[in-house]
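Peer 1: Shown below is the structure under consideration.
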Amino acid sequence: MEFEELNTKRLCLVEIHDGYIDEYFDIMSRDEVTRYSGMPSLTHRDQADGIIQTFKEQFQSEKAVRWGIVLRENGVFVGSVGLHHLTLWGRKAEIGYELHPDFWKRGLITESVSRVLAYAFETLGLFRVGAVTFPANIPSYHVLENTGFKREGLLRGYLFQNGENHDAYMYSILRTEFNKHHNRDV
């Protein structure tokens, strides 16, 4: 599988390389970003480096693909979006994302998720993309619902963060639903 950069009207979704370590660390060290991520905030730059190396390894083993979200107008790295738990033979994956708080409420994640879904269904040939989110993370499940995901149910005690287990909503979208939601032929 070759890494493919993706574009939208306002964004370039690019491979995350070592040149983005500082920007990625800045985003993932913020408690308001990691609050619902299922992981603690980063405290050291080398943690960001380790995660970026993991992104590369996961891509090479075809288990995940993660893009950096870069603004087209100025090249600023503002977040990431990607497919994890990728199973090409099973035609499924889960999606995840995070964005620097300075860029919240601009529709950038919705734009990113829509483009990644198109890639997942049209290029990778997936049939299902799932997503897991904390019930209190209202902006996240609005993104999912606005891009055509359906809530499947509650996963009790599914996520572990800050020393305790938390419930999670499970969402999914199927290729046929994406095509209808985004006015594409099946």
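The values are calculated or read from the model by the stated rules, or taken from the named source; none is laboratory data. These numbers come from a predicted model, not from an experiment. Because the Cβ atoms are built from the backbone with ideal geometry, glycine has one as well, and the counts that use them run over all protein chains shown. Side chains are part of the model used for accessible areas, which takes the heavy atoms of the whole protein and leaves out ligands, DNA and RNA. Shrake-Rupley method; radii C 1.70, N 1.55, O 1.52, S 1.80 Å.
Peer 1: Taking amide H positions as placed 1.01 Å from N in the peptide plane, with prolines and chain starts having none, which residues 5 or more places from Tyr158, or on another chain, fall under 5 Å of its amide H?
Peer 2: His166, Asp167, Ala168
Peer 1: Here is a further query. Determine the relative contact order of the range 48-186: mean sequence separation of Cα pairs under 8 Å and six or more apart, normalised by residue count, in whole percent.
Peer 2: In percent, rounded to a whole number, it is 16.
Peer 1: Moving on. Quick one: how many Å² of Arg175 are accessible to a 1.4 Å probe, rounded to 10?
Peer 2: 60
Peer 1: Separate question: Accessible area per residue, 1.4 Å probe, Å², for the range 9-89: what's the number?
Peer 2: Values: 4270 Å² over 81 residues.
About 53 Å² of surface per residue is accessible.
Peer 1: Quick check: the distance between the Cα centres of the range 137-185 and the range 13-60, to the nearest angstrom?
Peer 2: Here the answer is 22 Å between Cα centres.
Peer 1: Can I ask one more? From the convex hull of the Cα coordinates of the chain, what is the mean projected area in square nanometres? Numbers along the way, then the final one.
Peer 2: Numbers: hull surface 41.2 nm².
The directionally averaged projection comes out at 10.3 nm².
Peer 1: I want to verify a result. In a Gaussian network model of the chain, Cα cutoff 10 Å, which of these has the top mean-square fluctuation: Val78, Val33, Val132?
Peer 2: Judging by the Gaussian network model, the answer is Val33.
Peer 1: Among the listed pairs Lys9/Lys63; Lys63/Lys105; Lys92/Lys150, give every one whose C-alpha distance is greater than 19 Å. All intermediate terms of the calculation are to be shown ahead of the outcome.
Peer 2: Working: Lys9/Lys63 28 Å; Lys63/Lys105 30 Å; Lys92/Lys150 15 Å.
Long pairs (Cα-Cα over 19 Å): Lys9/Lys63; Lys63/Lys105.
Peer 1: Zone of Asp31 (label point 7 Å along Cα→Cβ, backbone N under 13 Å): which residues in the range 135-175?
Peer 2: Residues 162 fall inside that zone.
Peer 1: Keeping all protein chains in position, work out how much accessible area Thr54 exposes to a 1.4 Å probe, and write it in Å² to the nearest 10.
Peer 2: In the full protein context, Thr54 sits at about 60 Å².
Peer 1: Run the helix sum for the chain: -39,500 (n - 2.57) per DSSP H stretch of 4+ residues, divided by residue count, reported at 222 nm to the nearest 500 deg cm²/dmol. List each step's numbers first, then the result.
Peer 2: On the way: 6 runs with 55 residues, N = 186.
Mean residue ellipticity at 222 nm (helix-derived): -8500 deg cm²/dmol.
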